[in-house]
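The values are calculated or read from the model by the stated rules, or taken from the named source; none is laboratory data. This one's a predicted model, so the numbers in the text were calculated from it and none came from an experiment. With ideal geometry, Cβ positions are generated from the backbone for all residues, glycine too; neighbour counts draw on all protein chains shown. Remember, those area values only see protein heavy atoms, side chains included, never the ligands or the DNA or RNA. Shrake-Rupley method; radii C 1.70, N 1.55, O 1.52, S 1.80 Å.
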Amino acid sequence: MLTTGPLVEGFERALAQSIGARETIACSNGTSALYLAARALGLGSGHTVIVPAITFVATASAPHLAGAEIVFADVDAESGLMRAQDLEAALARAPHGRADAVFPVHYAGQSCDMAEIAEVARLNRMKIVEDAAHALGTVWADADGGLLPVGANAFSDLTIFSFHPVKTIAMGEGGAVSANDPELIRGLKRVRNHGLTREPLEFVRVDAAFDATGAVNPWYYELESAGFNWRISDINCALGLSQLAKLQRFVNARRVLTECYDELLAPLAPLVQPLKRDPRSLTAWHLYAVRINFGDAGIERAQVMRGMATDGIGTQVHYIPVHRQPYYAERYGATSLPGAEAYYASTLTLPLHPAMSEVDVVRVVRALKKQLFGLEKKPPARSA
Ligand SMILES: Cc1ncc(COP(=O)(O)O)c(C=O)c1O
């Protein structure tokens, strides 16, 4: 079997076990996982979904393509994460001051404060879908000393993951939704497969579904809603299973490299600073993003990126705030989100991959210093 066979189920079980969820539903990529989540929760036309502005466009476009309108929330300018206060401010800007769901993003792998976000969502009767495309392997340490893996849905209805090759585990393309509610699990499976069901308990055309003895007709299926094919193949899941077995090794390697970056970059503060950290997030780092005061450095970000590329080092910007993208800016008009703007103005993502060594990190930092201070110049003395 090459698709929706035993390896898909095997991967789903192994993933559910690793994140402490009742079930996971694997699908073609993280974008379809977001779409499945939106549809399974019944989000569509007439609904409003709040999405942080610092994320990949898919976090907004998936619920939007399910029919919902999007209100963008601001983020903390130092961590890139949406906070409860950002959610409240977005709610105040939403039509009639209300929204149906929020999709918090665990940017770079660091968990948002889901307890606080969930409190606001609960008071406003909103559904929660965690976008954990970056955060497989991250664990939240709660106030009572409990360890809550991202994906266990301790504070949310659903969590989505992406297994795109740059993510913590790779499947070529791949995604998953984790869920605990049996009704949502059934809905996710239907949406993944054209909106079809083969579950006898779900059939509505009883006369067509069952024969005279009450046995289900072996060929029978029903269409509950019009849908697409968002399935994943056994081929991808074979890779996913082998990658999942190495998850902790990947997470540890990323942590060691992150600590190495922190140490080597510390003397460059306050010109170059790491993301603000929340000690309660035991983070599986997906991105090593730094904040650079390019104005004070007297150099444009594009120039730094081009210079580092000349030295063979790829860098990136995660992300252009989604509310600034022409499609959303034209649809919703200009929105002032100063935290997201400030974050965007300063951020630069440096290479982070478990196959890197600490020597590679030294090389990256040297190349960054070369761009910021020139070959000869020394970094400025660190301010208190
Ligand atoms: C935060 C976030 N959400 C969703 C996605 C979509 O995942 P995929 O590329 O697997 O469709 C990505 C992928 O880059 C992402 O970074």
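Within the stretch 170-220, if we keep just the residues that are more than 16 Å from the ligand (Cβ to nearest atom) and of a type in the set (G, A, S), the residue that is most open to solvent (accessible area, probe 1.4 Å) turns out to be A212.
Name the one entry in V139, V129 that is under 29 Å from T349 (Cβ atoms) and open to solvent by less than 10 Å² (accessible area, probe 1.4 Å).
On the way: V139 fails: open to solvent by less than 10 Å² (accessible area, probe 1.4 Å).
Exactly one of V139, V129 is under 29 Å from T349 (Cβ atoms) and open to solvent by less than 10 Å² (accessible area, probe 1.4 Å), namely V129.
Within the stretch 34-66, the set of residues being within 13 Å of the ligand (Cβ to nearest atom), open to solvent by less than 10 Å² (accessible area, probe 1.4 Å) and not in a helix (DSSP H, G or I) comprises V51, P52, A53, I54, T55. Counting the residues of the stretch 221-269 that are over 29 Å from A62 (Cα atoms), assigned to a loop (DSSP other than H, G, I, E, B) and open to solvent by 30 Å² or more (accessible area, probe 1.4 Å) gives 2.
Do we find that A99 is within 14 Å of the ligand (Cβ to nearest atom), assigned to a loop (DSSP other than H, G, I, E, B), in contact with a Leu (Cβ under 9 Å, 6 or more places away or on another chain) and hydrophobic (A, V, I, L, M, F, W, C) in this structure?
no
List the strands (runs of 3 or more DSSP E) inside the stretch 106-167, counting only whole elements, that have at least 1 residues being of a type in the set (V, I, T) and either over 21 Å from R22 (Cα atoms) or away from the ligand (no atom under 16 Å from the Cβ) (or both). Give the derivation first.
Numbers: elements: 127-131, 139-141, 147-149, 158-162.
Hits in the stretch 106-167: 139-141.
A143 meets the conditions (1) aliphatic (A, V, I, L, M); (2) over 21 Å from the mean Cα position of the chain (by Cα); (3) under 29 Å from M356 (Cβ atoms) in every case but one. The failed one is (3). Selection of the stretch 1-33 for residues being more than 16 Å from the ligand (Cβ to nearest atom), of a type in the set (V, I, T) and out of contact with any Asp or Glu (no Cβ under 9 Å at 6 or more places or on another chain) yields only I19.
Could you check the stretch 67-93 and list, in sequence order, the residues that are open to solvent by less than 20 Å² (accessible area, probe 1.4 Å) and either in a loop (DSSP other than H, G, I, E, B) or basic (K, R) (or both)? Those that are open to solvent by less than 20 Å² (accessible area, probe 1.4 Å) and either in a loop (DSSP other than H, G, I, E, B) or basic (K, R) (or both): A68, V75, D76, S79, G80, L81, M82.
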